[in-house]
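So the structure is just underneath, and the comments pick up after that.
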Amino acid sequence: MSSSILITGASSGIGKALAFELAQKGYSLALASREADLLNQLRDEIIAAHNPPAVAIRSLDVTDYDDVFKAVNELADELGGLDIVFANAGIGLGERVGRGDFEKARRTIEVNLIGAIATVDAAAAYFLDKGKGHIVGTSSVAAFRGMPKSSAYSASKAGFAIYLEAVRAELYKKNIDVTVLYPGYIDTPLNNMLKNRPFLISVEKGAAIIARLIEKKVKSSTVPVYPWNIVGRLMKILPTGVISKM
Ligand SMILES: NC(=O)c1ccc[n+]([C@@H]2O[C@H](COP(=O)([O-])OP(=O)(O)OC[C@H]3O[C@@H](n4cnc5c(N)ncnc54)[C@H](OP(=O)(O)O)[C@@H]3O)[C@@H](O)[C@H]2O)c1
C-alpha cells in the first residue's frame, strides 16, 4: 500500500513541486488550495507525468476553518486513509507597520497562523483516531528574527513553529510525528518579485529536499539545511541596524 499525503497550498510553488516529487515516488496525493481550475490541471499533469496510485483534489480556503475539518476527513475517505498532512498554504504580502497595511497583517495571520493551526488540529483529530500519523508544517527562516516589512509574516511563522513544537510535546507517545520546516529562499511566486533572495534555490530542488526531510521524519530543519542552519542562528544575534537594512 502506498503512502498518502494531503498538501495544502498545492496549486503553486512548493506544494505543487512537492506533489510532483512525491507522485514520482509513488505516493497517493490529496491536493488542496482555493483554485479548483489549477488543481484540475495539476491533477492531469501529475497523472500524465508519473501516474501515482491516486490523486484527489479539493478546493479549500484554510480560513474557512470549519471546511478545513471537513476537507481532511473527505480527502482521507477518498484516498482510503492519510499518512501525512502537510500544512503548507501561506501568503507573503510584504506588509509595513503604521502605513495602512493592517488588513494585510490580519490576512497574513489568518492564513499562515490560524488557517495552519486549523489544518494541524484537523490532522491531529484524524491521526489520534487512526492511532498514527505525521504532521508537517511550513514555517520560515523569517521565524528566526522579526524581519522589516514582513512583521506579521515573521510573527505568523514564528507562532506556527512554536505551535507545532507544542503539538509535538502534547502528542508525545501517541505515534504521531511532527516536522517543522524552515525554508530559506525557494524560487516561487511568493517571493519572485524581491530584488534580494540570498542562497536562492529552485523550487524543484526545494521540493526534493523537503521530500527527503519528510521521509526521514526529522523534527525540524531549515530548507536547504545548509547554509540556513548556520545563517538562522546568526540572524538571531545580528544588531537591529543590520536587520533594518534587510
Ligand atoms: N518560497 C519560499 O522561499 C518560502 C520561504 C519560507 C516559507 N515559505 C512558505 O512556504 C509555503 C508555500 O509558499 P510558496 O513559496 O510555495 O508560495 P506560492 O507559490 O505563492 O504558493 C502558496 C500556496 O498557498 C495557497 N494558498 C494561499 N492562500 C490560501 C488560503 N487562504 N487557503 C488555501 N490555500 C491558500 C495558494 O493557492 P491558492 O491561491 O490556489 O489558494 C498556493 O497554492 C507558504 O506557507 C510560505 O509562507 C516559502
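The values are calculated or read from the model by the stated rules, or taken from the named source; none is laboratory data. If you're wondering where the values come from, they're calculated on a predicted model, not measured in any experiment. Note: ideal-geometry Cβ built from the backbone for every residue, glycine included; neighbour counts use all protein chains shown.
Does the range 75-84 include one or more residues that are under 19 Å from Ser220 (Cβ atoms), buried (at least 16 other Cβ atoms within 10 Å of the Cβ), at pLDDT 95 or above and touching a Gly at 6+ places or on another chain (Cβ under 9 Å)?
Yes: one or more hits.
Could you figure out which of (1) of a type in the set (Ser, Thr, Tyr); (2) more than 25 Å from Pro52 (Cβ to Cβ); (3) touching a Phe, Trp or Tyr at 6+ places or on another chain (Cβ under 8 Å) isn't true of Thr138?
Of (1) of a type in the set (Ser, Thr, Tyr); (2) more than 25 Å from Pro52 (Cβ to Cβ); (3) touching a Phe, Trp or Tyr at 6+ places or on another chain (Cβ under 8 Å), only one is false for Thr138: (2).
Here is a check on your reading of the model: is Ile84 more than 8 Å from the ligand (Cβ to nearest atom), among the aliphatic types (A, V, I, L, M) and under 18 Å from the mean Cα position of the chain (by Cα)? Break it down stepwise before answering.
Details: more than 8 Å from the ligand (Cβ to nearest atom): yes; among the aliphatic types (A, V, I, L, M): yes; under 18 Å from the mean Cα position of the chain (by Cα): yes.
Yes: the conditions hold for Ile84.
Going by what's in this entry, would Leu234 be described as among the aliphatic types (A, V, I, L, M), away from the ligand (no atom under 11 Å from the Cβ) and either part of a helix (DSSP H, G or I) or touching a strand residue (DSSP E or B) at 6+ places or on another chain (Cβ under 6 Å) (or both)? First the steps, then the outcome.
Values: among the aliphatic types (A, V, I, L, M): yes; away from the ligand (no atom under 11 Å from the Cβ): yes; either part of a helix (DSSP H, G or I) or touching a strand residue (DSSP E or B) at 6+ places or on another chain (Cβ under 6 Å) (or both): yes.
Spelling it out, Leu234 is indeed among the aliphatic types (A, V, I, L, M), away from the ligand (no atom under 11 Å from the Cβ) and either part of a helix (DSSP H, G or I) or touching a strand residue (DSSP E or B) at 6+ places or on another chain (Cβ under 6 Å) (or both).
Being over 30 Å from Asp129 (Cβ atoms) and either away from the ligand (no atom under 14 Å from the Cβ) or among the basic types (Lys, Arg) (or both) is the requirement here; does Pro227 meet it?
Numbers: over 30 Å from Asp129 (Cβ atoms): yes; either away from the ligand (no atom under 14 Å from the Cβ) or among the basic types (Lys, Arg) (or both): yes.
In short, yes.
Of everything in the range 207-224 that's outside any loop (DSSP other than H, G, I, E, B) and closer than 14 Å to Val141 by Cα, which residue is nearest to the ligand (Cβ to nearest atom)? Quick ask: steps written out before the conclusion?
Here is the first cut: in the range 207-224, the residues outside any loop (DSSP other than H, G, I, E, B) are 207-216, 220-223.
Filter again for closer than 14 Å to Val141 by Cα, leaving 220-223.
Working: Ser220: 13, Ser221: 13, Thr222: 10, Val223: 8 Å.
So, considering only residues that are outside any loop (DSSP other than H, G, I, E, B) and closer than 14 Å to Val141 by Cα, the one nearest to the ligand (Cβ to nearest atom) is Val223.
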